[in-house]
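Shown next, in structure tokens, is the structure this report addresses.
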Amino acid sequence: MTTAMSAAAPTLDPTRVRSARTAVFVVFALAGLVFASWAARIADTKVALGLSAGELGATLLAASVGSVTGLPLAGKVSSRIGAGRTVALGAVVSLVGLLATGAVVDAQGSRFAVMGGLFLVGLGVGLWDVAMNLEGATVERELGTSVMPHFHAAFSGGTVLSALVGAGMSAAGVPLLAHFAGAVVVTVAGAAWALPRFLPRAAEGEEAVGADGTPRRQRSAWLEPRTLLIGVVVLAAAFTEGTANDWLAVAFVEGHELPAWAGVLAFATFLSFMTVGRLVGTGLLDRHGRVPVLRISFGLAVLGALLVVFGPAWLAFVGTAVWGVGAALGFPVGMSASADDPERAAARMSVVATIGYVAFIAGPPLLGFLGDHVGVLHALLVVGALAILALSVVTSVREPDGRPAGAARPTDPAAGSPLG
């Protein structure tokens, strides 16, 4: 088996591949924009609907259920209609859900109606997430270098800008529907530019066939130990990242007794440093390999969470920065590891993403339950337990050839191209 970066020599025109790389950056950034548009207004939603921490957790669960409904389907849908069309489908579903959510909250309607809108957001994001990662893995192989963390940095960058906009919208008392409508316009325009620039479907990998030309039956990716262990790493990484996404602003407002805009600013600080971690982390991964870098990464996430919980307000802001750096690489590295073999990338990525998104199902109600008993701020300590779990299985993401992505590789004497 070869690494995702070296599975095959580039086969497409380099200009075409670079254009696709830019398009993938845009699609990741738009996904971050849509996600943070909602996340930045969670605290406002809690106040508008008069929800307790537990009720908010149960409400957020709807988006998680939607995502985990879409994720197992995403690989099959992408195989049938292509990554680009799957991203488009996911975007339409999620944007409809976002607008519905904003309308219900502004009308101070039933939280169960809000849950319906959030389910659509989650369903669309689930399809969108796997499809854009599949396209990212394809571009990565064609480029012959590691770029997946940069794509996820684009997602983080989109969330940072969107969170800052959300902070301003919250401070100005702008209704959620007006805020979300603006996000929809930007997303539709960006997707209309980016999706036609995706690589042709033939580059996404072909289904394995036997000697007689019929599809070769393969074991389910759900039965592969390495795939399942990568899923555990991604689950812990998703929890480490998702806990901050869902609860950091609320924790600063309720735990550190700061105004809502300051809570959103803490969320933006987390996202900013997570973006920096992803930009810098690519070079570290190439130089040192996945396993040692992730060990340090998860350790920083634990340290940051401790500073947020036990430090005064100013030190808690420092903690959000450390936490953000620590949460930067687990998810993109896990996704790249699941795509090490392009022939099995779609199936394995769907499995890994589905396991990872269990964190988004279990996380909101778990934090809400703990928040009702010990306060939202102290409930964030559960991040440490998940990080320890990830550290115990982090070797599962090791590069198959045993070398970091940037290490020297043998070359094909015929083509002179790097091989894994």
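The values are calculated or read from the model by the stated rules, or taken from the named source; none is laboratory data. Owing to the predicted nature of the structure, the values given are computational and were not obtained by experimental measurement. Don't worry about glycine lacking a Cβ; one is built from the backbone with ideal geometry, like all the others, and counts go over all protein chains shown.
Restricting attention to the stretch 44-87, the residues being of a type in the set (Asp, Glu) and surrounded by fewer than 18 Cβ atoms within 10 Å (Cβ to Cβ) number 1. Would you mind telling me which numbered condition in (1) at pLDDT below 80; (2) of a type in the set (A, V, I, L, M, F, W, C); (3) within 21 Å of residue 77 (Cβ to Cβ); (4) surrounded by fewer than 11 Cβ atoms within 10 Å (Cβ to Cβ) residue 192 fails? Looking at each condition in turn, residue 192 falls short on (1). Selection over the stretch 328-371 of residues that are among the charged types (D, E, K, R) and modelled with pLDDT of 85 or more gives a count of 1.
Look through 145, 138 and report the one residue that is in a helix (DSSP H, G or I), touching a residue at least 12 places away in the same chain (Cβ under 8 Å) and of a type in the set (Ser, Thr, Tyr). None of the others qualify; the one that does is 138.
Exactly one residue out of 105, 17 is farther than 27 Å from residue 176 by Cα, in contact with a Leu (Cβ under 7 Å, 6 or more places away or on another chain), outside any loop (DSSP other than H, G, I, E, B) and of a type outside the set (Lys, Arg), and it is 17. Inspect all residues belonging to the stretch 70-87 and state whether any of them is within 27 Å of residue 370 (Cβ to Cβ) and either in a loop (DSSP other than H, G, I, E, B) or touching a residue at least 12 places away in the same chain (Cβ under 8 Å) (or both). Yes, the stretch 70-87 has at least one match.
Listed here are the residues, each with its yes/no results for (1) buried (at least 24 other Cβ atoms within 10 Å of the Cβ); (2) of a type in the set (Val, Ile, Thr); (3) under 17 Å from residue 330 (Cβ atoms); (4) at pLDDT below 85.
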{"site": "209", "(1), (2), (3), (4)": "no, yes, no, yes"}
{"site": "225", "(1), (2), (3), (4)": "no, no, no, no"}
{"site": "228", "(1), (2), (3), (4)": "no, no, yes, no"}
{"site": "235", "(1), (2), (3), (4)": "yes, no, yes, no"}
{"site": "264", "(1), (2), (3), (4)": "yes, yes, no, yes"}
{"site": "276", "(1), (2), (3), (4)": "no, yes, yes, no"}
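The sole residue among 171, 183 that is part of a helix (DSSP H, G or I), in contact (Cβ under 8 Å) with a residue 24 or more places away in the chain, surrounded by fewer than 18 Cβ atoms within 10 Å (Cβ to Cβ) and in contact with a helix residue (DSSP H, G or I) (Cβ under 6 Å, 6 or more places away or on another chain) is 171.
Kindly check whether there is at least one residue in the stretch 279-292 that is among the aliphatic types (A, V, I, L, M), in contact with a Phe, Trp or Tyr (Cβ under 6 Å, 6 or more places away or on another chain) and crowded, with 22+ Cβ neighbours inside 10 Å. Within the stretch 279-292, none of the residues are among the aliphatic types (A, V, I, L, M), in contact with a Phe, Trp or Tyr (Cβ under 6 Å, 6 or more places away or on another chain) and crowded, with 22+ Cβ neighbours inside 10 Å.
Scanning the stretch 384-404 for residues that are touching a helix residue (DSSP H, G or I) at 6+ places or on another chain (Cβ under 7 Å), modelled with pLDDT under 85 and in a helix (DSSP H, G or I) gives a single hit, 384.
Of all residues in the stretch 217-238, those satisfying the criterion of being farther than 14 Å from residue 336 by Cα and in contact with a Lys or Arg (Cβ under 8 Å, 6 or more places away or on another chain) are 218, 221, 224.
With the condition kept exactly as written, say whether any residue in the stretch 5-28 is touching a Phe, Trp or Tyr at 6+ places or on another chain (Cβ under 9 Å), touching a residue at least 40 places away in the same chain (Cβ under 8 Å) and under 30 Å from residue 259 (Cα atoms). The answer is no, given that none of the residues of the stretch 5-28 is touching a Phe, Trp or Tyr at 6+ places or on another chain (Cβ under 9 Å), touching a residue at least 40 places away in the same chain (Cβ under 8 Å) and under 30 Å from residue 259 (Cα atoms).
Residue 107 meets the conditions (1) crowded, with 18+ Cβ neighbours inside 10 Å; (2) more than 15 Å from the chain's Cα centre (by Cα) in every case but one. The failed one is (1).
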